[in-house]
Amino acid sequence: MTWSTRFRIRQYLKGSIWLVPFIGGVLGAVLGLIEPRLDEAVSLPEAWQYSPSTASTVLAAIIGAMAALTGFVVTVTVLVVQMAIGTFSPRYMRLWYRDRALKAVLAVLIGTLTFSFALLRRVEPDFVPTIGVTVAGACVLAGLLFFMFFLDRILHRLRPVAVVALVARAGRQAFEDGATALEAFADEPERVGLEPCETVRSERAGAIQAVDERGLLRWARDHDRVLFVPHAVGDFVPAGSPLVEVLGVSGEPTGEERQVAGMFALGDERTIEQDPAFALRIMVDIAIKALSAAINDPTTAVQVLNHMTELLRLIGATPLDGRTRVMRDDAGTIRIVARGRQWEDYLALAITEIREYGAEAIQVLRRLRAMLLELHDTVLPEHREAIEAELERLAVTVELNFGGSVDFDRAATPDRQGIGGPTASASLEQERFLPASRPSQAFGAETPSPRPERADARRRL
């Protein structure tokens with residue numbers, strides 16, 4: 001079994017809603033068959049025992065209640081899915097499917113149902129599984145408590161800020177775990193003394209969900225090869241497209257193309273596990289949907305920017321110069337050369353569409369400016385030029401949309417809360433990032449023209 005197959009199985013099991021409840025149901029049935037032996041071995045006081053009719057009635061009621069409650073949980077889940085798709089982003093549902101609370105409550109309910117049904121078969125005029133009936137009642141109470149916890153959890157997770165926080169946390173985890181595993185390299189290493197051996201091609205179409213980087217490194221070291229990977233995690237690869245170019249001194253093929261191809265997991269959609277940019281993509285989708293004319297909720301976009309700031313700060317504190325990433329073996333020899341995202345790629349993904357769709361929302365523009373100025377002070381010095389370029393684009397956007405408006409000064413002011421937060425005068429360092437034009441205080445007065453350099457910037461953009 002290849003690494004990619006194992007990865008897809010793990011992804012399926014993590015996203016499967018039925019597996020844990022199925023295990024709970026099987027476990028409940030097995031315990032229901034074993035429990036009568038405990039009743040036969042343990043003698044309880046007469047006051048604790050049930051009559052056959054009472055036991056049958058209680059167990060039948062438990063079975064009906066658990067079946068109804070299970071159906072209700074499934075109904076609530078379907079409604080949450082519909083609401084999440086319409087309000088947030090369909091790509092967020094991949095995280096929702098993995099919610100452990102949903103699987104746990106279904107497992108307890110179905111397990112209680114099968115446990116009670118197995119006990120009901122053993123109720124006879126001369127034998128009643130008293131302990132089992134009591135345990136079934138306790139399981140009903142546990143199921144209700146789990147259901148209340150589940151209901152409280154999903155109600156809180158229906159808030160946009162909770163969804164964004166969950167996605168941002170997953171993105172930070174992905175970046176910390178694997179995004180920095182490949183060393184940043186300014187230029188692509190020269191292929192001196194190396195000859196093409198073979199090209200490993202994709203057998204199927206799909207998005208690259210993950211790559212077994214350590215497996216590729218071991219393979220390249222054992223075969224004394226250098227692997228050039230033309231695609232980044234998250235790219236969609238058509239069938240037959242090159243996945244890896246294998247180089248070596250001799251140029252002789254190894255004949256192990258399928259083994260190398262098995263270290264690339266392809267799927268229908270991207271995942272966050274090795275792709276923190278996908279977390280940014282989901283957050284941007286939530287923000288621009290909130291900024292659509294149908295919803296018109298710029299405050300949600302501001303909340304997205306709040307959590308996006310922390311993820312961008314983490315990425316901006318990491319050296320990402322150049323689009324080339326390399327991985328070396330223990331001897332320091334370069335074995336893997338791959339494409340990688342630059343800081344500019346992450347920043348453009350996070351900012352561009354929110355700035356475009358929020359160009360007429362004052363609080364979005366104010367929060368964007370505050371975020372960029374904050375990042376300018378916290379990221380590595382080599383990443384500040386990209387932030388300055390985004391601030392220039394933001395200044396031009398403000399001029400184009402509010403150049404003749406009485407609210408120009410408000411749209412051009414940074415505010416960490418969007419609107420309503422404490423504002424401070426811009427520092428001398430930050431003054432150069434503010435728009436150049438100022439509206440007249442008199443309504444109907446001629447709007448002053450922007451400075452020439454701003455006009456040039458508009459033409460460049």
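The values are calculated or read from the model by the stated rules, or taken from the named source; none is laboratory data. Since the model is a prediction, treat every value here as computed from it, not as a measurement. Please note: Cβ atoms are built from the backbone with ideal geometry, for glycine as well, and neighbour counts cover all protein chains shown. Remember, those area values only see protein heavy atoms, side chains included, never the ligands or the DNA or RNA. Shrake-Rupley method; radii C 1.70, N 1.55, O 1.52, S 1.80 Å.
Taking DSSP loops as anything outside H, G, I, E and B, show the longest stretch in the chain free of GluC sites (Glu not before Pro) there with at most 16 other beta carbons within 10 Å. List each step's numbers first, then the result.
Working: sites that count: 190, 203, 256, 269, 360, 446.
Of all site-free stretches, the longest is 1-189.
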Using a 1.4 angstrom probe, figure out how much accessible area the chain has per residue, in square angstrom, rounded to the nearest whole. 49 Å²
Taking K and R as +1 and D and E as -1, what net charge do the other residues with C-beta under 12 Å from the C-beta of residue 165 add up to? +3
Label corresponding to mean projected area of the Cα convex hull in nm² when calculated from the structure given, among [x] 28.9; [y] 31.9; [z] 24.6: [y]
Length added when fully stretched, residue 130-residue 8, from 0.36 nm per residue minus Cα-Cα: 39.4 nm
May I ask for the net charge around residue 374, where only other residues with Cβ less than 10 Å from the Cβ of residue 374 are counted and Lys, Arg are +1 while Asp, Glu are -1? +2
Total charge dipole magnitude, the chain, about the Cα centre, Cβ charges on Lys, Arg, Asp, Glu only, Debye to nearest 20: 920 debye
Angle, helix 362-378 long axis vs. longest principal axis of the chain, Cα atoms, 0 to 90°, nearest 10? 80 degrees
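Over the chain, what is the relative contact order in percent, taking alpha-carbon pairs closer than 8 angstrom and at least six residues apart?
On the way: 722 pairs, mean separation 65.9, N = 461.
This gives 14 percent for the chain.
Quick check for me: using +1 on Lys/Arg Cβ and -1 on Asp/Glu Cβ, what's the dipole size of segment 44-149 about its Cα centre, in debye to the nearest 20? Intermediate values should be presented prior to the final figure.
Details: 7 positive and 4 negative charges, 138 e Å.
So the dipole magnitude of segment 44-149 works out to roughly 660 debye.
Taking 0.36 nm per residue of separation and subtracting the Cα-Cα distance, what length does fully extending residue 93 through residue 330 add? Intermediate results must be reported in sequence, preceding the final value.
Working: separation 237, 0.36 × 237 = 85.32 nm, distance 4.03 nm.
Additional length available on full extension: 81.3 nm.
Contour minus end-to-end for residue 405 and residue 145, with contour as 0.36 nm per residue of separation and end-to-end as the Cα-Cα distance? Working shown, then result.
Numbers: separation 260, 0.36 × 260 = 93.60 nm, distance 5.56 nm.
Stretched out fully, the residue 405 to residue 145 stretch lengthens by 88.0 nm.
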Relative packing of 216-227, 71-82, which averages over residues the other C-beta atoms within 10 Å, highest first: 216-227, 71-82
Can you find, among 351, 65, 102, the residue sitting farthest towards the positive end of the charge dipole of the chain, where Lys and Arg contribute +1 and Asp and Glu -1 at Cβ? 65
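Restricting to Cα pairs below 8 Å that are 6+ residues apart, what does the relative contact order work out to for segment 321-384? Please round to a whole percent. If you can, show how the numbers build up before the last one.
Working: 40 pairs, mean separation 13.5, N = 64.
Across segment 321-384, relative contact order equals 21 percent.
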Signed unit charges on C-beta, dipole axis of segment 1-142, positive-most listed residue 18, 93, 56: 93
Of 317, 295, 227, whose Cα points farthest to the positive end of the dipole of segment 214-358 (charges on the beta-carbon: +1 Lys, Arg; -1 Asp, Glu; origin at the Cα centre)? 317
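Assign unit charges at the C-beta atoms only (+1 for Lys and Arg, -1 for Asp and Glu), then state the dipole size of segment 79-236 relative to its Cα centre in Debye, rounded to the nearest 20.
Using Cβ point charges on Lys, Arg, Asp and Glu, segment 79-236 gives about 900 debye.
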